[in-house]
Amino acid sequence: MYDFMPYRPPSEANSALIRVTRGCPWNRCVFCGMYRDTKFELRLYDEIANDIEQIEDFFPGCETVFIGDSNSLLHKDLVEIVKLIKKTLPDAKRITSYARVHTLHVKKVQQLKAIREAGLTRLHVGLESGDEKILKRISKGTTPEIMIDGGRKAKQAGFELCFYVLCGIGGDTQWQTHADGTAKVINAVNPDFVRLRTLSLVPNAPLFETWKEGEFELITPLNRLNETKRLIEQLDVSGCELASDHVTNYLWAPEGIIYQGVDGKLPQEKQWMLEILDATIEKVKTRDDVADANTLVQQGYIQRL
Ligand code: SF4
């Protein structure tokens with residue numbers, strides 16, 4: 001079933017993987033190179049059922065399941081598919097999937113509830129930015145209003161909701177509006193998780209060419225820290241966990257890794273996260289030898305993350 005590389009969130013690293021679609025039905029976000037050459041397809045129910053029957057052979061002892069690829073909610077048989085996973089693995093602690101916020105927006109809450117009641121527990125959604133102009137520039141195909149409506153519907157239907165924020169996607173000129181707009185959307189939805197990823201340029205994504213042509217300026221390590229601080233300062237949510245569980249968030253200096261991101265519960269650990277950011281900002285602003293993942297790629301130390 002995984003005839004090409006599966007993409008899944010790091011938090012699903014130990015999950016059994018069931019592919020119900022191939023690729024991405026949108027495939028236009030300028031920073032994304034994941035499915036550029038893959039034609040979007042809905043897999044046949046019988047093929048998927050056959051995979052589910054073999055799930056314990058391929059993923060012995062698995063306790064959680066992730067359904068791929070990028071927007072499983074489009075599959076018309078998803079309720080039946082999730083029920084079959086539950087029947088095959090009745091003790092599964094979690095069944096999760098990526099979802100496009102636009103799909104959440106156009107679906108009725110009742111339809112989403114049916115999927116939730118079948119046993120899908122958590123949705124991973126790429127928010128990227130809450131700023132309207134940035135969303136347009138990156139061809140996300142959505143608006144802050146749609147993000148808010150789609151996110152709220154997912155919560156109403158009873159899903160655990162995880163929003164992914166793309167740090168640095170405003171470049172070095174729009175990081176303030178990126179942080180401000182993103183905080184507004186998050187506050188309006190109050191997701192269960194916010195996960196930070198930092199923009200990492202990939203050669204097969206259109207943004208790579210834009211950057212090479214000098215039309216997009218990558219954010220500096222210092223401004224990325226400022227952006228994250230500005231975002232967290234404005235967050236007004238409860239029962240939410242913020243995580244920086246991705247290596248793209250790291251900063252390196254000659255002595256080694258000097259920043260791995262911030263993680264904590266909101267609002268309880270907000271102050272603590274801001275203190276870490278302040279201390280790192282102080283450290284970084286006095287030196288010019290701090291590198292992020294994009295710098296390491298450009299300097300040839302690593303191929304890509
Ligand atoms: S970021 Fe998500 S929605 Fe956008 S092209 Fe990539 S897989 Fe599709």
>> Checking the conditions here, which among K155, K212, K184 is open to solvent by 40 Å² or more (accessible area, probe 1.4 Å), basic (K, R) and touching a residue at least 40 places away in the same chain (Cβ under 8 Å)?
In response: K184
> Any idea how many residues of the range 114-160 are away from the ligand (no atom under 16 Å from the Cβ) and either part of a strand (DSSP E or B) or over 15 Å from V82 (Cβ atoms) (or both)?
Replying inline: 13
> Within the range 104-143, can you find the residues that are closer than 30 Å to D91 by Cβ, surrounded by fewer than 18 Cβ atoms within 10 Å (Cβ to Cβ) and β-branched (V, I, T)?
Replying inline: V109, T121
> How about the range 13-35: which of its residues are without any contact (Cβ under 8 Å) to a residue 40 or more places away in the chain, open to solvent by 30 Å² or more (accessible area, probe 1.4 Å) and within 9 Å of the ligand (Cβ to nearest atom)?
Replying inline: N27, M34
> Within the range 216-262, how many residues are β-branched (V, I, T), over 21 Å from the mean Cα position of the chain (by Cα) and under 22 Å from A205 (Cβ atoms)?
Replying inline: 1
> Looking at (1) at pLDDT 95 or above; (2) surrounded by fewer than 16 Cβ atoms within 10 Å (Cβ to Cβ), can you tell me which one D288 breaks?
Replying inline: (1)
>> Consider the range 96-113. How many of its residues are within 30 Å of T210 (Cβ to Cβ) and more than 14 Å from the ligand (Cβ to nearest atom)?
In response: 1
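For (1) more than 19 Å from E12 (Cβ to Cβ); (2) in contact with a Pro (Cβ under 8 Å, 6 or more places away or on another chain); (3) not small (G, A, S), each residue gets a yes or a no:
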site: H102; (1), (2), (3): yes, no, yes
site: V106; (1), (2), (3): yes, no, yes
site: Q111; (1), (2), (3): yes, no, yes
site: E145; (1), (2), (3): yes, no, yes
site: E160; (1), (2), (3): no, no, yes
site: G168; (1), (2), (3): yes, no, no
site: W175; (1), (2), (3): yes, no, yes
> Quick one: would you say L84 is touching a strand residue (DSSP E or B) at 6+ places or on another chain (Cβ under 9 Å) and not small (G, A, S)?
Replying inline: no
>> Quick check on my filter: what residues within the range 39-58 are closer than 29 Å to L199 by Cβ and either buried (at least 16 other Cβ atoms within 10 Å of the Cβ) or away from the ligand (no atom under 16 Å from the Cβ) (or both)?
In response: F40
> Do you know which of the residues in the range 59-93 that are closer than 13 Å to N14 by Cα and touching an Asp or Glu at 6+ places or on another chain (Cβ under 8 Å) is least open to solvent (accessible area, probe 1.4 Å)?
Replying inline: F66
> Given the conditions (1) more than 30 Å from Y35 (Cα to Cα); (2) open to solvent by 20 Å² or more (accessible area, probe 1.4 Å), which single one is not true for L277?
Replying inline: (2)
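The values are calculated or read from the model by the stated rules, or taken from the named source; none is laboratory data. Note that the structure is predicted; figures quoted are calculated from it, not measured. Backbone-built Cβ (ideal geometry, glycine too); neighbour counts: all protein chains shown. Just the protein is used for accessible areas: all its heavy atoms, side chains included, with ligands, DNA and RNA removed. Shrake-Rupley method; radii C 1.70, N 1.55, O 1.52, S 1.80 Å.
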